[in-house]
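The values are calculated or read from the model by the stated rules, or taken from the named source; none is laboratory data. None of these values were measured; they are calculated from a predicted model. Glycine gets a Cβ as well: all are built from the backbone with ideal geometry, and neighbour counts include every protein chain shown. Remember, those area values only see protein heavy atoms, side chains included, never the ligands or the DNA or RNA. Shrake-Rupley method; radii C 1.70, N 1.55, O 1.52, S 1.80 Å.
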Amino acid sequence: MGKIVAVVTADINQVAGGAPIFIVSNSDEQQKVSFKLEKILDASAHDLQNGTMILVDHKI
């Protein structure tokens with residue numbers, strides 16, 4: 001199991017909740033932001049294939 005530590009999305013209408021949400025304008029920006037956060041947070045990025053990526057800390 002793990003904990004969602006961040007969400008990166010191009011569609012704010014698809015997300016809500018307690019994790020920080022980063023809004024991006026396109027898929028290229030989404031990839032860049034997600035992979036930088038992946039390194040900073042020491043988490044794993046998972047693409048939900050709907051314009052949203054989640055970053056999960058699997059150590060928790």
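How about Lys3: which aspartates and glutamates have a C-alpha closer than 14 Å to its C-alpha, ignoring those fewer than 8 places off in the same chain?
By straight Cα distance, Lys3 reaches Glu38, Asp42, Asp57.
Which trypsin sites (Lys or Arg not before Pro) in the chain pass both tests, a DSSP loop state and at most 10 other beta-carbon atoms within 10 Å?
Values: sites: Lys3, Lys32, Lys36, Lys39, Lys59; in loops: Lys59.
Loop-located and lightly packed - Lys59.
Ignoring ligands, DNA and RNA, what accessible area per residue does the chain give at 1.4 Å, in Å²?
Working: 3990 Å² over 60 residues.
About 66 Å² of surface per residue is accessible.
Can you tell me the orientation of helix 27-41 relative to the chain, as the angle in degrees between its alpha-carbon axis and the longest Cα principal axis, to the nearest 10?
The helix 27-41 is inclined about 20 degrees to the chain.
In deg cm²/dmol, rounded to 500, what helix-only [θ] at 222 nm does the chain give when every DSSP H run of at least 4 residues adds -39500 (n - 2.57) and the total is split over its residues? Please report the intermediate quantities before stating the final value.
On the way: 1 runs with 15 residues, N = 60.
When only DSSP H runs of four or more count, the value is -8000 deg cm²/dmol.
Measure off 7 Å from each Cα along the Cα-to-Cβ vector at His58 and Ile12, then give the distance between these two points in nanometres to one decimal.
Result: 3.3 nm between the two label points.
Which whole-percent values make up P(r) of the chain when all C-alpha to C-alpha distances are grouped in 10 Å steps starting at zero?
Reading upward from the zero bin: 26, 59, 15, 0.
For the chain, with all protein chains present and a 1.4 Å probe, just round the carbon and sulfur fraction of the accessible area to a whole percent. Walk me through the numbers on the way to the answer.
Numbers: 2220 of 3990 Å².
For the chain, the apolar C and S fraction of the accessible surface comes to 56 percent.
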